[in-house]
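The values are calculated or read from the model by the stated rules, or taken from the named source; none is laboratory data. All values reported here derive from a predicted model rather than from experimental measurement. Backbone-built Cβ (ideal geometry, glycine too); neighbour counts: all protein chains shown.
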Amino acid sequence: MKKLLTILTLTAFAALPATTFAAPKKEAAAPAATPAATPAPKPAEPKAAKPMAMYSEVATIDAAGKSFTHKNKDGKEVKFVITDKTEIKNGADAAKFEDIKVGDYVSGSRLKKSETEYEVVKITKFGPKTEKKAAAPVGATPAAKATPAPKKP
């Protein structure tokens, strides 16, 4: 009797997972709608490129093409293209592309178009290279003004 009861219990447990965890049957697919009725998927919009900082020495200028070039440390020539949207200033003053000369250092922002070409978004300053001022060491006091020694009568 015990064997019969054990066999029935094991059989019930063996059959239980097969019926409980079985995947539901998929229903027949609905007939496809006409191609004109289905909306076309939207193409993925490219991410807006983020402008990068720019500080370059002007090697050559193409006035007709509104561009200038810069030579990298590797000797590779990089082209910077000015567009109608490019904002050009020299400090706080408005400026024009024609004001930039060969040998000037140009700072601003740019967008990468290829390995050797950039679109200039904004020029904020241009002119001869400016040297960075050395910062005074922390805790240093400014030098006292020298006072002339009093004259003896």
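Here are a few things to note about the model shown:
- Applying the criterion of at least 1 residues that are under 19 Å from the mean Cα position of the chain (by Cα) and either surrounded by 13 or more Cβ atoms within 10 Å (Cβ to Cβ) or hydrophobic (A, V, I, L, M, F, W, C) (or both) to the strands (runs of 3 or more DSSP E) found wholly in segment 67-114 leaves 77-90, 105-114.
- Looking only at residues of segment 37-51 that are among the aliphatic types (A, V, I, L, M), exposed (fewer than 12 other Cβ atoms within 10 Å of the Cβ) and under 22 Å from the mean Cα position of the chain (by Cα), we find that the one that is modelled with the highest pLDDT is ALA48.
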